[in-house]
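What follows is one structure encoded as structure tokens, with my remarks underneath.
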Amino acid sequence: MTLESPVSHAEPLDAVHLEARLARLRAALDVCPAEVPASLAIPARQALDEVGERLALGVDHTVVALFGGTGSGKSSLFNALTQLQFADVGARRPTTSQAAACSWGDDANALLDFLGVDRERRIRRESLLDASDQDELAGLVLLDVPDYDSVTTAHALQVDRLVPLADILVWVVDPQKYADAALHEGYLRGLGARQEDMLILVNQIDTLPAGGAATLLKDVRGLLTADGLHDVQVLPVSAVRGDNLGRVRQILCDRVAHESNAARTASAELDAITARLRPTAASEAIVPNPAVAQETAASLIRASGAQAVEDSVRTGLARTLPRALARPEPPSRTVVAAARTTWLRQVTDGLPPVWLRSVENAVAAPETLAAQTAEAVGSVSLPGHRAPVVELTWWGGLVLVLVGIIWGAAAAVGGGRVILPAVVLALGVLLVVAAMTLRRSRAREEARRYGAQVRTRVGSVVARGLTSPADGVLGRHRQLQEALGIKVRPERGPGPW
């Protein structure tokens, strides 16, 4: 008997989780109209609508239906289990003509409307006057179903409709009609797949003589085995005397604590929808390497000649007589297209072809990328050739060197002192060396500043033309993956790759 051990799920199968999963799938389809083909999207949306309609009825209720033939005493059992005198108990003609329902906890009216239970045939155990022992049954909906062997066609139709909708099928039999062919051939033999959701109650056990119960139960189990129902639990009960009603109640409490068939069915349908949509997304996370954007920017910088300009600034400004600085040039479209293709191949690795096309359509074309690169590089100003302070220091030092040499030579020829000329000469050399050092330092700093500005502006071109548009597409793809249950890495923080 497996009524007390339903299949466990990784995620709770309650309305909150199922509705959130449904919303994620709908949102994913909304943001991926071009990537999920209509041949998959349209039936998926229809199936999601059907799941949504079922969820609107509520899946946090467990529907337990009491089925039985005329005179089996299921209405008496209904009253005994609910501890209410609500179901009709017929003395002369013990027949249930309309389904009755008792619900515990949250409002189950929408579900009972769907099940076809008349509003006058419902009662709800939510009163503050109820004993606290009713709390453990919160979420239970107990149905007293019309007799399956009724001569009235409408009664049989109600039974046939409720059998597949109930979470637990409780078949109530009595000592006189437990072998009824209408029960075994009409219902039980076709329910082998639902053994974990079934319970057989042999009612009116109090009417049997001593020792008769064991024989009866043996016969009932033999008939169930012949029906292919080997794992269904059989309990002898008495609605009048109360035999085993506590055990029945505990079984119901245990089952209420787990998910309902409606929840499992909704989850299974969402699983089926997900399985059909999975080929539209990559099977693993697509996480672009941050170095890819940097390498692409470096390729565009080289294509524009900005690297050569930076080198010319570093060497040209360090000379005493500076050379003309190199100038950037419009990058070749062929080189830019090759850099873009390389970027696309690395960023979209692992994506299905339709998503690759979406990324390619979203990013800038080679012509646009080339023009924006040329504009970005051209907007960076080149440094001036001269720095007045450095040049004054250079020429001042050179003059002092010449003065010191001439003065020292004259003093040496005339036999005078050469100390002061030597000091002037040393000061001049010091100023020349300082100027040369300052000139080289300025050349390096100007080259660094120019290169940094170029990299920043070309990096912005790559971000605006490639990275950001691709981020949008990959974000939609990641949303689809998450909706389909494909494990993806946590999203990276803001900023460029």
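Projected onto planes of every orientation and averaged, the convex hull of the alpha-carbon atoms in the chain covers 40.1 nm².
Note on His184/Val488: beta-carbon distance plugged into 1/(1 + (r/R0)^6) with R0 of 41 Å gives a FRET efficiency of 0.20. Straight-line reach from Lys74: taking Cα to Cα under 17 Å and skipping same-chain neighbours fewer than 8 places apart, the lysines in range are Lys177.
Out of every Cα-Cα pair that the range 236-352 contains, those further apart than 23 angstrom amount to 68 percent. Counting pairwise Cα distances across the range 370-497, what percent come out greater than 25 angstrom? Here the long-distance tail beyond 25 Å is 60 percent of all Cα pairs in the range 370-497. Solvent-accessible surface of protein heavy atoms, probed at 1.4 angstrom with all chains present, puts Glu269, Glu50 in the order Glu50, Glu269, largest first.
Summarised in one figure, the compactness ratio Rg/Rh of the range 350-391, Cα atoms and Kirkwood Rh, is 1.45. Modelled label positions at Asp118 and His230, each set 7 Å beyond Cα in the direction of Cβ, lie 4.5 nm from each other. Normalised per residue, the accessible area of the range 260-352 is 48 Å², obtained with a 1.4 Å probe and no contribution from ligands, DNA or RNA.
Applying 1/(1 + (r/R0)^6) with r as the Cβ-Cβ distance of Arg386 and Ala291 and R0 = 41 angstrom yields a FRET efficiency of 0.55. For Arg241, the solvent-accessible surface with a 1.4 Å probe is about 140 Å², rounded to the nearest 10. Heavy-atom accessible surface of Ser76, to the nearest 10 Å², is about 40 Å², with a 1.4 Å probe and all protein chains retained.
Within the chain, helices built from complete DSSP H runs that reach 30 Å or longer along their own axis (Cα positions) and carry a mean Kyte-Doolittle hydropathy of 1.0 or higher are 388-414.
Shown for the range 346-493: the carbon plus sulfur share of the solvent-accessible area, taken with all protein chains present and a 1.4 angstrom probe, equals 64%.
Provide the percentage of antiparallel DSSP beta bridges, counting only those with both residues in the chain; round to the nearest 5. About 15 percent, rounded to the nearest 5. According to the Cα-based calculation, Rg over Rh for the range 132-289 is 1.12, with Rh computed by the Kirkwood formula. Excluding ligands, DNA and RNA, the accessible surface per residue across the range 405-459 is 61 Å² with a 1.4 Å probe.
Classify the range 176-255 as rounded, prolate or oblate, taking a ≥ b ≥ c as the square roots of the eigenvalues of its Cα gyration tensor: rounded when a/c is under 1.5, otherwise prolate if a/b is larger than b/c and oblate if not. In terms of gyration-tensor shape, oblate. When the helices of the chain are scored as -39500 (n - 2.57) per DSSP H run of n ≥ 4 and the total is divided over every residue, the value at 222 nm lands at -17000 deg cm²/dmol.
If the segment from Arg440 to Val423 were pulled out straight at 0.36 nm per residue, it would be longer than the present Cα-Cα gap by 3.5 nm.
A straight line joining the Cα centroids of the range 171-244 and the range 21-42 runs 48 Å. Considering all C-alpha pairs of the range 342-425, those separated by over 23 Å amount to 63%.
The values are calculated or read from the model by the stated rules, or taken from the named source; none is laboratory data. For clarity, every value in this text was computed on a predicted model and none was experimentally measured. In this analysis, Cβ positions are derived from the backbone assuming ideal geometry, glycine residues included, and neighbour counts consider all displayed protein chains. Surface accessibility is based on the protein's heavy atoms, side chains included, excluding ligands, DNA and RNA. Shrake-Rupley method; radii C 1.70, N 1.55, O 1.52, S 1.80 Å.
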